[in-house]
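*Asks:* Got a structure for you, questions after.
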Amino acid sequence: MTHALKSFFAGHWRDANGPAYETHYPADGSVVAHLHAATIGDVDEAVQSAEKARHHPSWASLKRHERAAMLYRIAAGIRDQAEALAQLQRLDNGKPINETRALVASAAGTFQFFGAACETWEDQLTPPRGDFITMSVHEPLGVVGAITPWNSPIASEAQKIAPALAAGCAVVIKPAEITPRMALELARIAQQAGVPDGVLSVLPGKGSVVGDALVRHPLIKRIAFTGGTDVGLGIQHLAAQKLMPTSLELGGKSPTIVCADADLDHAVAGILYGIFSSSGESCIAGSRAFVHASVYTEFKKRLLAGVRALRVGDPADERTQMGPLIHNRHRAEVERYVQLGLSEGGQLLHGGGRPTGTVYERGSYYLPTVIEGLPNTARMCQEEIFGPVLALLPWHSEQDLLDQCHDNAYGLAAGIWTQDYKTAWRLGSALQTGTVWINTYKVFSISTPFGGMKMSGMGREKGRQGILEYTHQKSFYWGLNANPMPWATPF
Ligand code: NAD
């Protein structure tokens, strides 16, 4: 069924002023939604309304526990409509239904967590060093621009909207042009939960128009961005012009390490999940598997048995593990990388093409692909593919392993498979990544901060500290002097 979507401007649903466009279901190319893209003028209107709304007593005078109550109502609203939201998310980006259900549950948990963090977060009374009382309080930064990608919309959007509202900010969100649906649904639920008009607006449209206008707008006081590294660098460059804080959750080329003593069945299951779930369209995809030379052959045998058993197919089918890629242009990009890897000397162990059969004919499907024999310096091992492509690389010594892991621009995440806690700690401490998973992979908890090092980004989302990213800190000194200040006291 095709939907006509409206944008959400300060409590009102209407067409934006830019060109009409359609979004498509990646599994069969059918039209999912019609809508209008926003314009630079629309951005200005939404930001001006947000600036007014954030000062209005209906928002600005709420106590933290009252804001928290709104966030709890949003969490409940998401849970009430969880199945419908999961189905809509599946239509937006073609992820298998089991994954979209998990994303929806995680979005509800995010609002609940930040509700709890909002009503329990405390400002500080700092130790005074004179005749005064000192305190440090956090105030909302102002209007926040949130910019999100297409791969996990409801989760990425919740991770920005929830802490920003918890902090008392107003938010203008620009979802990916091709996956506008979840941000609009979150706005509808937030409106029903009592979030005042103007505190949240949703403007789908092009990054180079709507995203760029948000970043440049003088009333936008922070950008929370998730997306590719090149776009993130451009945003950071513009943000520097107005000394605007940003959080940048960017790309990755994450290594997963199999040690000689690893439980190979656990490692195989974790590595398969790490790279092939979400069809590899995941910033934390474990796309380079470094396997100790002593277990390489056995690991490869078990891995390939696991890859052959993966079920690629209809995202609506609950048994499906891998759905289609987001669209044919992206599939062509993945195919180009695989060809490049093979031309650089890689040997194809599995996949390397499109699945055949009627179910796959109209969707942008691609097989799980495993390649070995490439040096870590090959472009296929250096650049983010954002698809279901795994490079297998042997390692011999820890130094050689760490050198290879670090010889990469990114630093988002890593996995270690070992039965020795000392090895795990030594390697985990040495790895230059924002997250290290030990004997597990791609599991998340909203209470644990997430973010990247190196070209994978800066700033952290999630965790109690996540709220503070949307505040500025103000210090107060309360004088207790019984007499005038001595320096200027006339005698
Ligand atoms: P993208 O960078 O092309 O787009 C992300 C968002 O930025 C979209 O909303 C897009 O419209 C907008 N945008 C594009 N150009 C812009 C500009 N000039 N100014 C402002 N906004 C602009 O990324 P994508 O293709 O949608 O998503 C894939 C990328 O996202 C991958 O690199 C992936 O690793 C990354 N990602 C990172 C994380 C993380 O948490 N680190 C999570 C998911 C995805």
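The values are calculated or read from the model by the stated rules, or taken from the named source; none is laboratory data. Nothing here was measured: the structure is a model prediction, and the numbers come from that model. Glycine gets a Cβ as well: all are built from the backbone with ideal geometry, and neighbour counts include every protein chain shown. Protein only, heavy atoms only, side chains kept; ligands, DNA and RNA dropped before computing areas. Shrake-Rupley method; radii C 1.70, N 1.55, O 1.52, S 1.80 Å.
*Asks:* Filter segment 429-439 down to residues that are out of contact with any helix residue (DSSP H, G or I) (no Cβ under 7 Å at 6 or more places or on another chain) and either open to solvent by less than 20 Å² (accessible area, probe 1.4 Å) or over 16 Å from Gln399 (Cα atoms) (or both), then give me how many there are.
*Replies:* 4
*Asks:* Identify, from the list Ile284, Ile271, the residue that is within 16 Å of the ligand (Cβ to nearest atom) and within 26 Å of Thr320 (Cβ to Cβ).
*Replies:* Residue meeting the stated conditions: Ile284.
Rundown of residues vs (1) of a type in the set (D, E, K, R); (2) modelled with pLDDT under 95, yes/no style:
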{"site": "Asp407", "(1), (2)": "yes, no"}
{"site": "Leu427", "(1), (2)": "no, no"}
{"site": "Phe450", "(1), (2)": "no, no"}
{"site": "Ile467", "(1), (2)": "no, no"}
{"site": "Tyr477", "(1), (2)": "no, no"}
{"site": "Asn481", "(1), (2)": "no, yes"}
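*Asks:* Related question: Can you tell me which residues in segment 129-183 are β-branched (Val, Ile, Thr) and outside any strand (DSSP E or B)? Show your work before the answer.
*Replies:* Just the residues of segment 129-183 that are β-branched (Val, Ile, Thr), to begin with: 133-134, 137, 143-144, 147-148, 154, 161, 171-173, 178-179.
Selection gives Thr148, Ile154, Ile161, Ile178, Thr179.
*Asks:* In segment 302-336, which residues are among the acidic types (Asp, Glu) and either buried (at least 20 other Cβ atoms within 10 Å of the Cβ) or more than 22 Å from Gly270 (Cα to Cα) (or both)?
*Replies:* Listed by number, the residues that qualify are Asp314, Asp317, Glu333, Glu335.
*Asks:* Of the conditions (1) at pLDDT 95 or above; (2) open to solvent by 10 Å² or more (accessible area, probe 1.4 Å), Val104 satisfies every one except a single condition; which number is it?
*Replies:* Condition (2) is where Val104 drops out.
*Asks:* In segment 78-85, is there at least one residue being touching a helix residue (DSSP H, G or I) at 6+ places or on another chain (Cβ under 6 Å) and either open to solvent by 10 Å² or more (accessible area, probe 1.4 Å) or assigned by TED's automatic domain parsing to the domain that holds Gly323 (or both)?
*Replies:* Within segment 78-85, one or more residues are touching a helix residue (DSSP H, G or I) at 6+ places or on another chain (Cβ under 6 Å) and either open to solvent by 10 Å² or more (accessible area, probe 1.4 Å) or assigned by TED's automatic domain parsing to the domain that holds Gly323 (or both).
*Asks:* Taking into account only those residues within segment 14-36 that are of a type in the set (A, V, I, L, M, F, W, C) and either open to solvent by less than 20 Å² (accessible area, probe 1.4 Å) or under 23 Å from the mean Cα position of the chain (by Cα) (or both), which is nearest to Asp92 (Cα to Cα)? Quick ask: steps written out before the conclusion?
*Replies:* First, the residues of segment 14-36 that are of a type in the set (A, V, I, L, M, F, W, C): 16, 20, 27, 31-33, 35.
Filter once more, keeping what is either open to solvent by less than 20 Å² (accessible area, probe 1.4 Å) or under 23 Å from the mean Cα position of the chain (by Cα) (or both): 16, 27, 32-33, 35.
Values: Ala16: 19, Ala27: 10, Val32: 7, Ala33: 9, Leu35: 13 Å.
Restricting to residues being of a type in the set (A, V, I, L, M, F, W, C) and either open to solvent by less than 20 Å² (accessible area, probe 1.4 Å) or under 23 Å from the mean Cα position of the chain (by Cα) (or both), the top hit is Val32.
*Asks:* Still on this model: For segment 366-378, indicate whether the set of residues that are over 22 Å from Met322 (Cα atoms) and among the charged types (D, E, K, R) is non-empty.
*Replies:* no
*Asks:* Which of the residues spanning segment 120-168 are in contact with a Phe, Trp or Tyr (Cβ under 7 Å, 6 or more places away or on another chain) and under 30 Å from Glu99 (Cα atoms)?
*Replies:* Val144, Ile147, Ala158, Ala162, Pro163, Ala164, Ala166, Ala167
*Asks:* Given the options Gly228, Gly207, name the one that is touching a helix residue (DSSP H, G or I) at 6+ places or on another chain (Cβ under 7 Å) and of a type outside the set (S, T, N, Q).
*Replies:* Within the list Gly228, Gly207, the selection yields Gly207.
*Asks:* Condition check: within 16 Å of the ligand (Cβ to nearest atom) and crowded, with 21+ Cβ neighbours inside 10 Å. Does Ser456 satisfy that?
*Replies:* yes
*Asks:* Ok, one more. For segment 460-489, what are the residues that are assigned to a helix (DSSP H, G or I) and open to solvent by less than 80 Å² (accessible area, probe 1.4 Å)?
*Replies:* Those that are assigned to a helix (DSSP H, G or I) and open to solvent by less than 80 Å² (accessible area, probe 1.4 Å): Gly466, Ile467, Leu468, Glu469, Tyr470, Ala488.
*Asks:* Is there a residue in segment 191-200 that is within 11 Å of the ligand (Cβ to nearest atom), buried (at least 24 other Cβ atoms within 10 Å of the Cβ), in contact (Cβ under 8 Å) with a residue 24 or more places away in the chain and on the phi < 0 side of the Ramachandran plot? Full working, then the answer.
*Replies:* Here is the first cut: in segment 191-200, the ones within 11 Å of the ligand (Cβ to nearest atom) are none.
Checked against the condition, which is being within 11 Å of the ligand (Cβ to nearest atom), buried (at least 24 other Cβ atoms within 10 Å of the Cβ), in contact (Cβ under 8 Å) with a residue 24 or more places away in the chain and on the phi < 0 side of the Ramachandran plot, segment 191-200 yields no hits at all.
*Asks:* Now for a different question. Under 6 Å between Cβ atoms, which residue pairs at least 6 apart in sequence (or on different chains) link something in segment 455-471 that is closer than 23 Å to Arg54 by Cβ with a partner that is part of a loop (DSSP other than H, G, I, E, B) and open to solvent by less than 10 Å² (accessible area, probe 1.4 Å)?
*Replies:* Gly459/Gly451; Tyr470/Cys169
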